[in-house]
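Colleague: Can you keep this structure in mind? I'll have questions shortly.
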Amino acid sequence: MKLQKSIDIAAPPEKIWPYLVEPEKIMKWFTLLRKFEYTDKRCGGMGTTFYYEEKMGPLLTKLHYKITEWVENEKLTFILTSGLPKKDDQIWTLEAIPSGSRFTFIEDFEIPWGIIGRLLDKLLVGNIGKGIEEILGNLKKVIEAEK
């Protein structure tokens, strides 16, 4: 399942970027997270690893990722290295627009378990899409409130 959602935020990319890469700032808007931490000495850049715990309904998932692309104030790409989903690759981009920035969240997600997983993907796509819209709205509120 591949989802893509965007939101326009009245702030330049350099003001939004710290909210995408600094653990304490990520926790302010990514309300599904219960924990976020870098798992190596680097706290950013290509190859950096991180861990987070995500609460989806009654489930708490523990996920490990590796950053595969880091272009400051523009793009963050990371891939799942361990955790429950078979695949959870994400791309977060920032694009300067006249009113500020457009943040785009792309997630390529796959549940294991063969045909059962594919059926679950189809059933969950709406809920996951709503969750993404909620966290994007949170990001917009947090950043625009700081003016």
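The values are calculated or read from the model by the stated rules, or taken from the named source; none is laboratory data. Bear in mind that the values here come from a model prediction, so they are computed numbers and not experimental data. Every residue, glycine among them, receives a Cβ derived from its backbone with ideal geometry; neighbour counts consider all protein chains shown.
Colleague: Does Ile9 fit the bill of being surrounded by 14 or more Cβ atoms within 10 Å (Cβ to Cβ), touching a Gly at 6+ places or on another chain (Cβ under 6 Å), of a type in the set (A, V, I, L, M) and under 16 Å from Leu139 (Cα atoms)?
Modeller: Yes; evaluated as a whole, the condition is true for this residue.
Colleague: Now a separate question. Please tell me if Ile91 is without any contact (Cβ under 8 Å) to a residue 60 or more places away in the chain, under 21 Å from Ala11 (Cβ atoms) and surrounded by 15 or more Cβ atoms within 10 Å (Cβ to Cβ).
Modeller: yes
Colleague: Restricting to the range 12-22, give me the number of residues that are over 14 Å from Leu76 (Cα atoms) and either exposed (fewer than 15 other Cβ atoms within 10 Å of the Cβ) or hydrophobic (A, V, I, L, M, F, W, C) (or both).
Modeller: 1
Colleague: Another question, if that's okay. Out of all the residues in the range 114-133, is one or more modelled with pLDDT of 65 or more and farther than 17 Å from Lys55 by Cα?
Modeller: No, the range 114-133 contains no residue that is modelled with pLDDT of 65 or more and farther than 17 Å from Lys55 by Cα.
Colleague: Further question: Every residue in the range 54-94 that is at pLDDT below 90 and among the hydroxyl-bearing types (Ser, Thr, Tyr), please.
Modeller: Result: Thr61, Ser82.
Colleague: Before we move on, is Met27 within 13 Å of the chain's Cα centre (by Cα) and among the aliphatic types (A, V, I, L, M)?
Modeller: Spelling it out, Met27 is indeed within 13 Å of the chain's Cα centre (by Cα) and among the aliphatic types (A, V, I, L, M).
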